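Let me begin by presenting the structure, written as structure tokens, before commenting on it.
The values are calculated or read from the model by the stated rules, or taken from the named source; none is laboratory data. None of these values were measured; they are calculated from a predicted model. Neighbour counts are summed over all protein chains in view; Cβ atoms, including those assigned to glycine, are modelled from backbone coordinates with ideal geometry. Keep in mind that these areas ignore ligands, DNA and RNA; they rest on the heavy atoms of the full protein, side chains included. Shrake-Rupley method; radii C 1.70, N 1.55, O 1.52, S 1.80 Å.
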Amino acid sequence: ELANRMAERVADVVKALMQNGMMVTQNQSIDADTAELIIEDFGHRVQRVSDADVEQVIDSVVDDPDKLKPRPPVITVMGHVDHGKTSILDAIRNAKVVAGEAGGITQHIGAYQVTTDSGQVLTFLDTPGHAAFTSMRSRGAQVTDIVVLVVAADDAVMPQTVEAINHAKAAKVPMIVAINKCDKPSANPDKVRTDLLQHEIIVEKMSGDVLDVEVSAITGKGLDELLENIALQSELLDIMANPDRSAVGAVIEAQLDVGRGPVATVLVQNGTLRQGDIFVVGEQWGKVRALINDQGERVKEAGPSVPVEVLGLNGTPEAGDVMNVVETEAQAREIAEYRHQAAKDKRAAAGAATTLEQLLAKAKADEDVVELPILVKADVQGSSEAIVQAMEKIGNDEVRVRVLHSGVGAITESDIGLAEASNAPVFGFNVRANASARNTANQKGVEIRYYSVIYDLVDDVKAAASGLLSNEI
Ligand code: GDP
């Protein structure tokens, strides 16, 4: 690549590197300083390209507040396994989408839109659960405006319910509680409500401000009320976008389709995406050849909160990648290539795991009050609670420890997902990470620390925090 850019022969560049004591092959990455030396050796001029230079075409659009218009809210359904997330999503789709449209063949493209009886349009993400939610968030796409927390009335609050609550809280997304399976004789909705109190969720019926609805995905009872409540909540949130600008979206899902090539479902977040638009999405780019909506119809354009399948990509992006429309193919290609190289360099710089100190330094740069987010997993409830209490006592005006999630049991992939999305380390107290969690943590650079003495854990966090304070200028 370097030889290419200098229009020199690869062999000459490798030779020059070797003469400088670098035994490299032509496909190896070299660091920027070495590259600079070599470039000067060859008598070329160095031009360092930073993220800011390449990406500035993307960030340059600022929305005029006058142009903002309300857009439909985007909803993710979360909750414990088997509590009825999929059933609720299907029941809403069947009740609201099939009617009307000619042909009426709904397409599963990863998200769908419904219209409530009072005329409000809502966009549902079709992949329930917090794994998808968190992996999107860790790639930079926060698309969800409202979380519907599904809790089965015959089972009440379970471990994944708690995880879902903590994921929603970490993302600062408001929740609505759907108490499901109320058709069952064993249903006990009030148990759900009291269980939720322990997790600081006070529902309306307990005089709190979290909306709760009793539903049944099987009989359909309460689903209309749930939709109206979502509409109500979204009005309070003032959800806006500017349809009259170039589009920004997020990839909901993507795959390589045998007949159609790479296909991505994109949820437009701002602006309007049109056929013919040139775009960059993650490390890929393309030109919109066709747009297909959730009814399987070809459409010419898609505005804010509309999910569409996009054809015309040069490669398959990943869920959570952000799509930006740009002016020219040259720009799109340059940004995609730059990102591809940057990602490769990042992978090459192995061992670049985030340590506690780095995390703090990063957090410090962002805000006045540094919040150090952490996750705690322990062998027993008592230890977990004791650690959380100790952690919450650490801190002062400048540094604060925030426990995103705490629980009992081994460290799982879901924990790593949340940690990555929030740039948090994971503390294991007398528990270990399971194999898949360990692998994911290594790949994503999430730090896991193990302890068997609470004071050691507290001391480490304190030391990191005070070290940071003394670094202050
Ligand atoms: P998920 O894992 O949260 O997506 O749960 P599913 O939607 O797959 O539902 C799990 C099981 O609960 C299935 O057998 C459903 O038929 C059943 N189920 C879901 N909702 C209801 C409900 O409202 N009432 C009853 N009786 N069963 C339900």
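Using a probe of 1.4 angstrom and keeping all protein chains present, the accessible surface of the chain works out to 49 square angstrom per residue. Just the protein heavy atoms count here, and of the accessible area of the chain at 1.4 Å, carbon and sulfur take up 49 percent. Relative to its Kirkwood radius, the Cα radius of gyration of the range 279-326 gives an Rg/Rh of 0.94.
Volume of the convex hull of the range 103-215 (Cα atoms only), normalised per residue: 137 Å³. Extension gain for Asp379 to Asp244 (0.36 nm times residue separation, less C-alpha to C-alpha distance): 43.3 nm. Residue by residue, the range 279-287 carries 3J(HN,Hα) couplings of 9, 10, 9, x, 8, 10, 9, x, 9 Hz when phi is fed to the Karplus relation 6.51 cos²θ - 1.76 cosθ + 1.60 (θ = phi - 60°); x denotes Gly or Pro.
For the chain, the equivalent ellipsoid derived from the Cα gyration tensor has semi-axes of 41, 33, 19 Å, listed largest first.
Long hydrophobic helices in the chain, taken as whole DSSP H segments with a C-alpha length of 20 Å or more on their own axis and mean Kyte-Doolittle hydropathy at least 0.0: 223-237, 454-470.
For Lys300, the lysines whose Cα comes closer than 23 Å to its Cα, not counting residues fewer than 8 places off in the same chain, are Lys67, Lys69, Lys287.
In the assembled protein chains, Met323 presents an accessible area of approximately 0 Å² (probe radius 1.4 Å).
When each of the peptides 28-40, 177-189 is scored by how many other beta carbons lie within 10 Å of its residues on average, the order from highest to lowest is 177-189, 28-40.
Peptide packing for 438-448, 137-147, 305-315, 399-409 was compared via the average number of neighbouring C-beta atoms within 10 Å per residue; ordered from the highest value, the list is 305-315, 137-147, 399-409, 438-448.
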